[in-house]
Amino acid sequence: MDKNIKISDFISELISIGYSALARENGQGKLKAFKEINKGLDFLKKNAVVHTDDISKSIVTLKLLVDLREDVIKSKGVKDYQIPDIYSPVEKLNTLLIKSANQSLKDDDPNLITTECEKFLNAADEIRKDSRIKGLGLLDGKIKNVIGRLRKKANIESIFLDEGLDSYQILIEAADNMLNSGSLNQIGAKSLELKHTADELSKDFAYRTRFIKYVRRFEQSFHQKIKAKTNALLKKSNGSSFFDCQEILDELVSIKKFEEYHRKKGLTIMIRQFIKKIEKTKIVPLEKALYQMKVFVLDNISNKNWQSYELNYEKKYNSREIFQDTFYESTLKAYSPYDAVSLLKKRLGELKKLDLKDRRHIVFEQDFIGMFEKLIKVFDRLSVGSKKSKI
């Protein structure tokens, strides 16, 4: 206990240094105070484990460091190269708090574990409210993992017990923030976490009914976000290039995996239908048509009559891309259907205007033009809703 008191006094002394520097010192004085606090954190990182009130004091210390650094930056008496790095003390605080949380997990006293857990949650809430420090990485993934284990060990209800409605509202606000700004994967994981929390609450718990209702609303919002995203992707696929459709398909497949979070059969069926629709109407027909063109070109590429036919075209139009397999394997796949139709019609017009100097070219011309017309029809069917791309 004596050691903890000394640690608490030491952190309080660091805070006092920071406040005094902010109140009295100039740029160089504040820079010196920043360095002294940073050295103090380095000492704590190597030698100490903070507890209870010291956790919130650590957050106050960080806020002071941010304030000191901002004043140092504004000061004319400090060179640019002297401006301190805020991430070094953040890393030290992270290490310190992880040590503290891990040490708490070793304790057998559930009341102490509960207190430690609530202190961490309060610290996290302080960081979340402060726009200057919430993006610095304090209370990062490693600490959040330890907090989760603390909460599980202390009994999930301890989140609410001491602070009642205030703690409940903090938890809901954090979930709302995730719902508004998180990725679908993060929101899904949060939904699963909230459901687990609701399951752990006893039937006579004061906020149980209210919390369960919130969890249901959260789940419904998650479902709506999935529906909105899948509908947007399906709409985006209209008029998209082959490559873009493949990316959309990959994204839908990844969204389908979120069924582990929602277990909603109807939602999974809808996504599966969207995947099949894009494959059947966009990917497969185009891939088949382009493959046939590529095979046609490759089958004739070593034919001398084809080569002279190609040379005849190149001399007139200074291009030979339509005689190369890469044009069908990759070039056209990057075009929107609208752009592909425009390009293919232009090339088709050139083929039809080409003066055939050798009768043996007639067979190639007829077959080639026929293949071109079929390919244009495939792209034309896909061009509904298509817009001209920047390619």
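The values are calculated or read from the model by the stated rules, or taken from the named source; none is laboratory data. Everything quoted here is computed from the prediction, not taken from an experiment. Please note: Cβ atoms are built from the backbone with ideal geometry, for glycine as well, and neighbour counts cover all protein chains shown.
Quick one: which residue in LEU14, LEU22 is at pLDDT 80 or above, in the same structural domain as PRO89 (by TED's automatic domain parsing) and buried (at least 17 other Cβ atoms within 10 Å of the Cβ)?
LEU14
In this structure, does SER191 turn out to be hydroxyl-bearing (Ser, Thr, Tyr), modelled with pLDDT of 75 or more and in the same structural domain as SER58 (by TED's automatic domain parsing)?
Taking the combined requirement at face value, the residue does not satisfy it.
For the structure I just gave you, tell me whether VAL72 is touching a Pro at 6+ places or on another chain (Cβ under 8 Å), crowded, with 19+ Cβ neighbours inside 10 Å, among the hydrophobic types (A, V, I, L, M, F, W, C) and assigned by TED's automatic domain parsing to the domain that holds PHE120.
yes
Which of the residues spanning the stretch 260-282 are of a type outside the set (Lys, Arg) and modelled with pLDDT under 85?
GLU260, TYR261, HIS262
Can you confirm whether the stretch 94-117 contains a residue that is in contact (Cβ under 8 Å) with a residue 60 or more places away in the chain and either on the phi < 0 side of the Ramachandran plot or out of contact with any strand residue (DSSP E or B) (no Cβ under 6 Å at 6 or more places or on another chain) (or both)?
yes
State whether one or more residues within the stretch 231-244 are of a type in the set (Asp, Glu), outside the structural domain of SER330 (by TED's automatic domain parsing), buried (at least 16 other Cβ atoms within 10 Å of the Cβ) and under 30 Å from ALA334 (Cα atoms).
Taking every residue of the stretch 231-244 in turn, at least one turns out to be of a type in the set (Asp, Glu), outside the structural domain of SER330 (by TED's automatic domain parsing), buried (at least 16 other Cβ atoms within 10 Å of the Cβ) and under 30 Å from ALA334 (Cα atoms).
For the stretch 135-164: of the residues being within 17 Å of THR197 (Cβ to Cβ) and modelled with pLDDT of 70 or more, which is surrounded by the most Cβ atoms within 10 Å (Cβ to Cβ)?
The residue in question is LEU150.
Return a yes/no flag: does the stretch 36-52 have any residue that is assigned by TED's automatic domain parsing to the domain that holds LEU150 and farther than 23 Å from ILE143 by Cβ.
yes
Within the stretch 263-280, count every residue that is farther than 18 Å from ALA232 by Cβ and in contact (Cβ under 8 Å) with a residue 40 or more places away in the chain.
Qualifying residue count for the region: 1.
What's the number of the condition ASP358 fails, among (1) modelled with pLDDT of 90 or more; (2) more than 23 Å from LYS280 (Cβ to Cβ); (3) in contact with a helix residue (DSSP H, G or I) (Cβ under 7 Å, 6 or more places away or on another chain)?
Of the numbered conditions (1) modelled with pLDDT of 90 or more; (2) more than 23 Å from LYS280 (Cβ to Cβ); (3) in contact with a helix residue (DSSP H, G or I) (Cβ under 7 Å, 6 or more places away or on another chain), the odd one out for ASP358 is (1).
Please determine, by comparing only the residues of the stretch 94-134 that are farther than 11 Å from VAL146 by Cα and among the small types (Gly, Ala, Ser), which one is surrounded by the most Cβ atoms within 10 Å (Cβ to Cβ).
Restricting to residues being farther than 11 Å from VAL146 by Cα and among the small types (Gly, Ala, Ser), the top hit is ALA123.
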